[in-house]
Amino acid sequence: MNCGDSSCCGGGGCGTGGDDSPFVTKINMPAPAFRNVTAYRKGQKEFEKVSLADYRGKWVVLFFYPRDFTFICPTEIKGFAKMEGEFKAMNCDVLACSTDSEWSHKNWFERDLPEVGYPVLADTTLEISRAYNVLNEDGSAARGLFVIDPDGIVKYIVVSAGSVGRSVKETLRVLKAVQSGELCPVEWEEGEKTLGKA
């Protein structure tokens, strides 16, 4: 199960294991790399190519959603767009990804989601979704979300049922917690007491 040259790792495989290993994404392990993935971004005349390495030195929130032109997905996508400035203020870029084509993204976002400015990856080869272990049997992506640190290490993972939208506010809270370098208790919020250094 190696990735194609066009999308991931230069053909070397997205997963952290070898050719015979299942793809497993784990906390405190390197995020599966992807390279030169076609993406839609508002305001660009041409589709752009996106690699995870482009974001080295920054935090990344990578979230997958099942399909374009659906019901729950746009609520999440708009939610991240609304709070994108807060993520940017924390040196964090937002990336969205589904297995729809870049043309599908363009048609849907220009029609229904004009406020979204972050890149939307077109995982048409299914390799990224497979590498992050969120690929459904029907070829869609599950609602997976990954917080990746500036060194490319996975710090947070959540995957929800397709019927359940994720909380953008909780994602931001978690980002602040992992950036703090502290032991953060339940429901911790920025400015509250921690339990010491992590």
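Bear in mind these aren't lab numbers, they're just calculated from the coordinates by the rules spelled out. Keep in mind it's a predicted model, so treat the numbers as computed, not measured. A quick note on method: Cβ atoms are made from the backbone with ideal geometry, for glycine too, and the neighbour counts reach across all protein chains shown.
Lys88 to Ser101: extension gain in nm, 0.36 nm per residue of separation minus the Cα-Cα distance?
Values: separation 13, 0.36 × 13 = 4.68 nm, distance 2.64 nm.
Taking 0.36 nm per residue and subtracting the Cα distance, the gain is 2.0 nm.
Say we join alpha carbon atoms closer than 10 Å with springs in a Gaussian network model of the chain; which of Gly144, Gly85, Gly117 then has the biggest fluctuation?
Evaluated over the chain, the most mobile residue of the options is Gly85.
Where a ≥ b ≥ c are the square roots of the eigenvalues of the C-alpha gyration tensor, would you call the stretch 75-149 rounded, which needs a/c under 1.5, or, failing that, prolate if a/b is larger than b/c, or oblate?
Verdict is oblate for the stretch 75-149.
Taking Cα pairs under 8 Å and at least six residues apart, what relative contact order does the chain come out at, in percent?
23 percent
Arranged by the count of other C-beta atoms within 10 angstrom, fewest first, what order do Phe63, Phe87 take?
Phe87, Phe63
As a footprinting exposure proxy, order Thr125, Thr38, Thr75, Thr99 by other Cβ within 10 Å, with the fewest listed first.
Thr75, Thr125, Thr38, Thr99
Starting from the Cα-Cα distance between Glu48 and Ser167, subtract it from 0.36 nm times their residue separation and give me the gain in nm to one decimal.
Gain in length upon complete extension: 40.0 nm.
With no solvent and one equal point scatterer per Cα, compute the Debye intensity ratio I(q)/I(0) for the chain at 0.11, 0.13, 0.15, 0.16 Å⁻¹ and report its log10, rounded to two decimals.
-0.48, -0.67, -0.90, -1.03
Once the mean 1/r over all distinct Cα pairs of the stretch 69-119 is inverted, what Kirkwood radius in angstroms do you read off?
11.6 Å
Neighbouring Cβ atoms within 10 Å as the yardstick, rank Cys97, Cys184 fewest first. Please list the in-between numbers first.
Working: Cys97 25, Cys184 20.
By the 10 Å Cβ count, ascending: Cys184, Cys97.
Say the cut-off is 21 Å between C-alpha atoms; which of Lys26/Lys58; Lys49/Lys155; Lys26/Lys169 go over it?
Working: Lys26/Lys58 19 Å; Lys49/Lys155 25 Å; Lys26/Lys169 23 Å.
Check vs 21 Å cut-off fails for Lys49/Lys155; Lys26/Lys169.
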